[in-house]
Amino acid sequence: MTLEFAGKTVLISGSARGQGASHAKRFAEQGAKVVVSDIRDELGEAVAEEIRQNGGEAVYQHLDVRLTEDWDAAVARAEKEFGNLNILINNAGIVSCDAADVCSDDMWGNVIDTNAAGVFKGIRAAVPALKRAGGGAIVNTASMMGIVGSWGYAAYVSSKFAVVGLTKSAALTYAGDNIRVNAIAPGCVDTPMLDEEKVIMASNPYWDFDEWVNTQPIAKIAQPEEISELVLFLASDRTRYCTGSVYPIDGGSTAG
C-alpha cells in the first residue's frame, strides 16, 4: 500500500494536544515525517514519541508562534532533520470570549498575535523552504467565526477573519511557486480549548452551550479526527487544483 504522504515533511503548529495532535498522528500514519511544535513541551514530546513508537518519524520543536525566531528555528529543524519542508499546518490558536467593550489591550494583543500574526509569521518562515522543495501546501486554521462572526469574541472573531484574508492573499501570491494555500473553518471541536472556553462562558446568562449545539443542523460536537480528515485532504495531491478557499467543517452552522 502506498502511503499518501510518504517522503513528505509536515510542520504543525500547536500540535501538542487537540486538533494539532490529531493532525500529527494522521499525517504520520500516512507516511509523513512530522515536526510536532508547540509551547507545551512535555505534551509535544509525548506526541512525537507516540508517533515514533507506532513506527512513524517525528521530532518535537518548541514553537511560540508569536516569535519570528521560533518560526525560523522550526523551519530549519524540519530541513535539518528530514531534508525538506513540504507542508505547513498553521493550527495554533487561543480563544477569548470578551466583547469589545470589555476586551483588554493585553487580551486583544495576545489573541491577534497568536491567531493572526502567528499564521503570518508561519507563512513567512515556511515559504522559502517550500520553494526550495519545489512547492507544497499550507493549511491555515480559521473558524466558522471567521465566516459569520459571533456575539462577543471581539478579538477571536477579528483574528479568524484575518486568517481568511491572509489565506486568500497568500494563495494568489504563491500560486506561481506551486504553493497552495487554503483554510479550514471548524465549528465546535471536542478539545481542551473548548473545555476552557465553556468554563469562561458558564457565567454568561445569555449563552447556553448545550442548547446552541442542539440547534445546529448536525447537532453534535466534532471530534478532532474528523477535522484531521479535511486537513489531510487539503494538504494532499488530491486537491492540487484548490487554492485560496476556506472550507467550513462546522456541522452546517454557517449554511443558513
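Odds and ends about this structure:
- Extension gain for Lys80-Ser104 works out to 4.6 nm (0.36 nm per residue, less the C-alpha to C-alpha distance).
- Here the extension length gained between Gln53 and Leu194 equals 47.9 nm, from 0.36 nm per residue of separation less the Cα-Cα distance.
- Ratio of Rg to Rh for the range 22-84: 0.96 [Cα atoms; Kirkwood radius as inverse mean 1/r over pairs].
- Cut-off 17 Å (backbone N to label point 7 Å along Cα→Cβ of Glu225), residues of the range 13-45: 17-31
- Principal-axis tilt of helix 117-132 within the chain, Cα atoms, nearest 10 degrees: 20
- Remark on the range 136-256: ratio of C-alpha radius of gyration to 2.2 N^0.38 Å is 1.13.
- Helical mean residue ellipticity (222 nm; -39500 (n - 2.57) per DSSP H run of 4+; nearest 500) of the chain: -13500 deg cm²/dmol
- Protection proxy ranking of 78-90, 243-255, 3-15 - average other beta-carbon atoms within 10 Å, highest first: 3-15, 78-90, 243-255
- Distances between every pair of Cα atoms in the chain, grouped in 10 Å steps from 0 to the bin holding the largest one, split as 8, 32, 37, 18, 4, 0 percent.
- Folded to 0 to 90 degrees: helix 154-174 orientation relative to the chain principal axis, Cα: 30
- Applied to the range 208-225, the Karplus parametrisation 6.51 cos²θ - 1.76 cosθ + 1.60 on θ = phi - 60° returns per-residue 3J(HN,Hα) values of 10, 4, 4, 5, 4, 4, 5, 8, 7, x, 9, 7, 7, 8, 6, 8, x, 4 Hz, with x for Gly and Pro.
- Residue-wise HN-Hα coupling along the range 94-108, computed from phi with Karplus coefficients 6.51, -1.76, 1.60 (Hz; x: Gly, Pro): 10, 10, 9, 9, 6, 6, 4, 6, 10, 6, 6, 4, 5, 5, 4
- Other-chain or far-sequence residues with amide H under 5 Å of Thr9's (modelled H): Lys33, Asn86, Ile87
- Each peptide in 139-150, 58-69 gets a packing score, the mean of other Cβ atoms within 10 Å over its residues, and the list from highest to lowest is 139-150, 58-69.
- Taking packing as the residue-averaged number of other Cβ atoms within 10 angstrom, the listed peptides 175-185, 30-40 run from highest to lowest as 30-40, 175-185.
- q = 0.17, 0.23 Å⁻¹: log10 I(q)/I(0) that the Debye formula gives for the range 51-158, counting C-alpha atoms only: -0.84, -1.18
- Counting only alpha carbon atoms, the long axis of helix 68-82 and the longest principal axis of the chain meet at about 40°.
No lab work stands behind these numbers, since they all come straight from the coordinates. Source: prediction; values computed, not measured. Because the Cβ atoms are built from the backbone with ideal geometry, glycine has one as well, and the counts that use them run over all protein chains shown.
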